[in-house]
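Taking it in order: structure first as structure tokens, then the write-up.
The values are calculated or read from the model by the stated rules, or taken from the named source; none is laboratory data. What you see is a predicted model, and the numbers here were worked out from it, not measured in a lab. Methodologically, a virtual Cβ is constructed for each residue, glycine included, from the backbone with ideal geometry; neighbour enumeration extends over all protein chains shown.
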Amino acid sequence: MAHLMNTYARLPVAFTHGRGTCLYDEAGQEYLDALAGIAVNGLGHAHPRFVAALQDQVGKLIHTSNIYQVREQERLADRLCALSGMDEVFFGNSGSEANEGALKLVRMYGHKHGNPEAQTIVMERAWHGRTLATLAATGSEKARKGFDPLPSGFIRVPYNDIAAVKAAAQRDGRVQAVWLEVLQGEGGIQVADREYARALRALCDEHGWLLMIDEVQSGIGRTGKWFGYQWADIAPDVVTLAKGLGSGVPIGCVLARGRAAGVFGPGNHGTTFGGGPLACRAGLETLQIIEDEGLMQNAAARGEQIRAGFKAAFAGVAGVRAVRGQGLMIGIELDRPCGELVKQALAARLLINVTQDSVIRLVPPLVITPAQADEIVARLAPLVRAFVAAPASAAA
Ligand SMILES: *Cc1c(COP(=O)(O)O)cnc(C)c1O
């Protein structure tokens with residue numbers, strides 16, 4: 001590790017292989033994976049059908065170029081548009097890159113519609129990535145610190161607050177888009193109110209703004225629907241996807257619909273790796289397996305099961321403020337910083353993470369079984385109860 005840049009405080013474990021919801025370390029110990037590579041490995045690890053598809057693809061083609069037609073890319077775009085109600089897709093390699101593409105699209109849309117200084121309204125506690133522009137849009141001051149000058153063009157407002165969006169637009173006539181996660185992941189598993197999401201849609205229609213939804217974490221079946229915005233029954237203008245789309249093979253994309261479609265022409269945007277045969281085959285196979293194995297239904301049911309389990313386990317426990325989420329995006333908010341629990345859970349052979357200092361985040365694979373869902377609760381609940389029973393200052 002001496003030659004790795006010091007960007008992660010890594011846990012002292014390395015994994016050699018996995019199967020379904022389990023991972024195995026170098027000593028052969030088995031771990032229950034409630035993190036799934038941070039909402040990436042929806043199919044779990046080493047899903048036999050996924051592995052076979054990738055092996056087949058590697059033997060045929062890994063990369064050509066966007067200079068040529070790429071059939072796997074066309075097929076994945078067709079499939080994603082059918083599932084999402086969107087019209088067209090640009091493929092990149094990560095969530096940040098997808099979001100950069102979405103921001104470039106909004107700006108070019110502004111230029112084409114007499115608003116060359118297009119401003120995008122973004123949310124407090126939003127997470128959109130770590131490139132310069134997506135970092136500027138991200139709510140975390142900790143993540144932004146030290147990277148000025150950041151790109152401009154963002155107006156930040158509180159989440160779930162429609163009056164704040166209206167007020168911001170009254171102060172600045174250059175607003176062109178509103179951008180949000182319908183379920184904030186890094187922001188502490190916060191769910192947008194259905195009425196709020198619908199009011200944003202109406203407001204965007206009224207003013208000719210673009211409604212942009214970052215589904216990088218919440219998309220691809222994780223919440224129990226293909227996309228989180230489908231819970232609010234709204235049709236966004238711009239959507240971005242990444243994490244779960246390739247089940248671990250890097251891929252991201254930006255989708256556009258209606259007046260947001262057709263904005264880019266040749267030369268406006270591009271990428272060397274994006275939309276390659278291997279990544280798109282991974283995306284196609286992921287979507288097909290989710291459908292064939294009923295994994296969205298499983299995500300909804302196991303999510304309910306896990307939340308109900310924790311609610312029962314924490315009834316009357318004062319230090320637990322909330323158990324919330326949708327499908328397999330689950331947050332447990334405590335009354336104090338709880339990063340320490342990640343190590344305790346690791347020692348109990350359970351992989352979790354903590355976001356916003358005090359929210360335990362569980363985003364297990366969509367293939368998780370009922371028994372494994374119960375096991376997450378059984379391993380984590382006693383640790384949390386003991387943790388909040390200790391004096392808060394000592395625990396922090
Ligand atoms: C993880 C995440 C990103 C950034 O994706 P990367 O692939 O890490 O660049 C953007 N938006 C949301 C909502 C995310 O959860």
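Brief remarks on what is shown
- Positions within segment 76-86 being more than 13 Å from C253 (Cβ to Cβ) and touching a residue at least 12 places away in the same chain (Cβ under 8 Å), in sequence order: G85
- Conditions (1) surrounded by fewer than 17 Cβ atoms within 10 Å (Cβ to Cβ); (2) within 20 Å of T355 (Cα to Cα); number of the one not met by G95: (1)
- Any chance H63 is within 20 Å of T16 (Cα to Cα) and modelled with pLDDT of 95 or more: no
- Residue match in segment 121-128 (condition: aliphatic (A, V, I, L, M), in contact with a Ser or Thr (Cβ under 9 Å, 6 or more places away or on another chain) and part of a loop (DSSP other than H, G, I, E, B)): yes
- Residues that are exposed (fewer than 13 other Cβ atoms within 10 Å of the Cβ) and either closer than 29 Å to V363 by Cβ or in contact with a Gly (Cβ under 7 Å, 6 or more places away or on another chain) (or both) within segment 50-61 comprise A52, Q55, D56, V58, listed in sequence order.
- Within segment 115-133, being among the hydrophobic types (A, V, I, L, M, F, W, C) and away from the ligand (no atom under 13 Å from the Cβ) holds for A118, I121.
- Among the residues listed as A318, A345, A371, the single one being surrounded by 18 or more Cβ atoms within 10 Å (Cβ to Cβ) and more than 30 Å from Y229 (Cβ to Cβ): A345
- Residues of segment 172-187 satisfying the condition of being under 24 Å from E100 (Cβ atoms) and out of contact with any Leu (no Cβ under 8 Å at 6 or more places or on another chain): D172, R174, V175, W179, E181, V182, L183, Q184, G185, E186, G187
- Residue match in segment 141-150 (condition: among the small types (G, A, S) and either surrounded by 18 or more Cβ atoms within 10 Å (Cβ to Cβ) or assigned to a loop (DSSP other than H, G, I, E, B) (or both)): yes
- Count of segment 62-80 residues which are surrounded by fewer than 16 Cβ atoms within 10 Å (Cβ to Cβ) and within 20 Å of W226 (Cα to Cα): 3
Results for (1) under 16 Å from L180 (Cβ atoms); (2) in contact with a strand residue (DSSP E or B) (Cβ under 6 Å, 6 or more places away or on another chain), shown as yes or no for each residue.
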site: A197; (1), (2): yes, no
site: C204; (1), (2): yes, yes
site: A232; (1), (2): yes, no
site: D237; (1), (2): yes, yes
site: G248; (1), (2): no, no
site: L255; (1), (2): yes, yes
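- Within segment 93-129, restricting attention to residues that are out of contact with any Gly (no Cβ under 9 Å at 6 or more places or on another chain) and of a type in the set (A, V, I, L, M), the residue that is farthest from P277 (Cα to Cα) is I121.
- Search result, residues across segment 11-24 that are under 21 Å from V354 (Cα atoms) and in contact (Cβ under 8 Å) with a residue 12 or more places away in the chain: L11, V13, A14, F15, T21, C22, L23
- Listed by position, the helices (runs of 4 or more DSSP H) contained in segment 277-396 that have at least 3 residues being more than 30 Å from G59 (Cβ to Cβ) and in contact (Cβ under 8 Å) with a residue 60 or more places away in the chain are 295-313, 340-347, 370-389.
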